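Below is one structure, written out as C-alpha cells, with a few remarks after it.
Bear in mind that the values in this text are calculations on the coordinates, not laboratory data. This is a predicted model, so every value here is computed, not measured. Please note: Cβ atoms are built from the backbone with ideal geometry, for glycine as well, and neighbour counts cover all protein chains shown.
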Amino acid sequence: MILDIRTYLEELKVELKGMDVALVQDALSDAEEFLTTAVQDALESQPGSAEAGVLGGIIDRYGAPSEVAAAYKETESRFPRLPLSSRPSKSKKGLSGYFGVISDLKAWGAFLYMVLSLLTGSIYFGWALMGGSISAMSLILIIGIPITSLFLLSIRGIALLEGGLVEALLGTRMPRKPLFVTPNLGWIDKIKALLAESVTWKSLLYMIVQLPLGYIYFFVSAGLLLFSLSFISAPVLELVIHKPLEIWRGDAFTPVWLLPVVSAAGFFLLALTLHLAKWVGKVQGRWAKYMLVRK
Amino acid sequence: MTEAVDANKKFQKELNSGTAALVLLSILDVAGKPMYGYQIAKLIEAKRPDLPMMKQGAFYPVLRSLETGGLLESYVKPSVAGPPRRYYRITHEGREALAKWVEIWDLTKVFVDDFLKG
C-alpha cells in the first residue's frame, strides 16, 4: 500500500532500473505531474481527507509502478526515439560510404550544433559568470541566499534547454523536463536539495566549459566548411569570375588541368568535415548527458 | 482461470497499443487547444467512466512517442500548485496522420465485424 507520492516515485524508479536514464526521468516527472494534480483535485473535492486516503484510488486508475514501468518499456521498444537527426543512415562501404555523409542529416545536425555553440557557449558562460559573481557578492547579505538559489535554478533551466538542443541536433536522448524536488518540501529544504544535487554544479561547470569548446567547434567547423566550399567552387571562381583561389603563392591561378582535382579535394574535405562533426556530436552528446542529466 | 485473465489482458493491451495513439490524437485535434496529460486522462474518464480500457499512466508514454514522431508538439508551463505541466498540441503532420488513421480504423472495423457477424 503506497501512502504518499514520494514512495510511489521511488517504487517506479526501482521498476525502471536499467532503462535509459532520460526515460526514467521522463516517467518520474510524468507520474509526479499526474499524481500531484490528481491528489490536489481529490482533496479539493473531498475536504478533510488526507493524501494517504485518496492516493489509493488515484494509483488504481493511473497504474501501479510495475504497470506504468511496463507501459514505458513497451512504448519505448515499439517506437524507439528517433529524432530527425538520429535516423539511422544506411551504412555503405567504400567511397560512397565516405561521401554518403554529405546527405546524412545527423552529420549536418552535429555540424549545426558546432556552429551554434559559439553563440550558446558565450551566452552560457556570460550567464554563469555574471550570475555567479552577483550571487557571490550578495552572499554577505541575507538577500544573497534567494539570489543564489534563483541563479542555480536558472542554471538547471538552461541545462534543460541545452538538453533540448543536444537531443534535436545530436540525437542523444535527453530528459524533456527536470524532475522537480518533491512538492511537499518547504522552501528552505528545496534550496538545500538544489545545493546538494551534484547535477546543479555539474551543469554550471558544463556552461563554463562550453565557451572554450564553443570557440573550438565554431572555428574548426566554419573554417573547414569555408575551405571545402572554396575548393569545390574553384573552377567557377577562377574560370568564370576570374578570381584566384589564393592557395598558391601570390595571385597565381590554378593550372586548369588541376582544377577538377582541387574541386574533388573540396568534396573530400567537406565529407571529412561532416565525419568529424558526427564524431564530435557523439562525444558531445555523451558529455552533455553525463553532466546535465540527474542520475 | 488466471491464464484466461492473462490472455484477455494481453489481447486488450495489444488492441490498446494502436488505439491509444488514435484516441489521443483525436482528442487533441477536437480540443483545438493544448492539453496536459492529467486533463486528457480526466476527459477520457468523464466521457466513458464505464470503460476503463487502459491505465491512465499508460497514456503518457504514448503522448511522448507521438511527439517524437512529430505528430504532437509540447511545451512546459509552470503550475501554481505543483510541478510544471507539459502541454501537448497536435501538429500539421499529426492532423494528416489522424485523417489517414481514421480511414484505416474504419476499414479495420468493417473487416473485423464482417467475420464476427459470421
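Descriptive notes on the structure:
- Residue with peak Gaussian network fluctuation, chain A [Cα springs, cutoff 10 Å], from A:V283, A:V101, A:V256: A:V256
- Relative to the dominant Cα principal axis of chain A, helix A:65-78 is inclined by about 20°.
- Against chain B, whose longest principal axis comes from its Cα atoms, helix B:92-116 is set at around 20 degrees.
- The Kirkwood hydrodynamic radius of the range B:1-86, based on inverse pair distances between different Cα atoms, is 14.3 Å.
- The largest-to-smallest principal axis extents of the Cα set in the range A:93-295 are 76, 39, 19 Å.
- Tilt relative to chain A, helix A:5-15 - C-alpha long axis, 0 to 90 degrees, to 10: 50
- Distance violations [Cα-Cα > 20 Å] among A:K73/B:K13; A:K202/B:K77; A:K17/B:K77: A:K202/B:K77; A:K17/B:K77
- Estimated distance in nm for a label pair at A:L43 and A:L195, the labels positioned 7 Å out from Cα along Cα-to-Cβ: 2.7
- Treating each Cα of the protein assembly as shown as one equal point scatterer and applying the Debye formula with no solvent, the log10 of I(q)/I(0) at q = 0.14 Å⁻¹ comes out as -1.30.
- Distance between modelled label sites at B:L22 and A:V14, nm, 7 Å Cα→Cβ extension: 3.9
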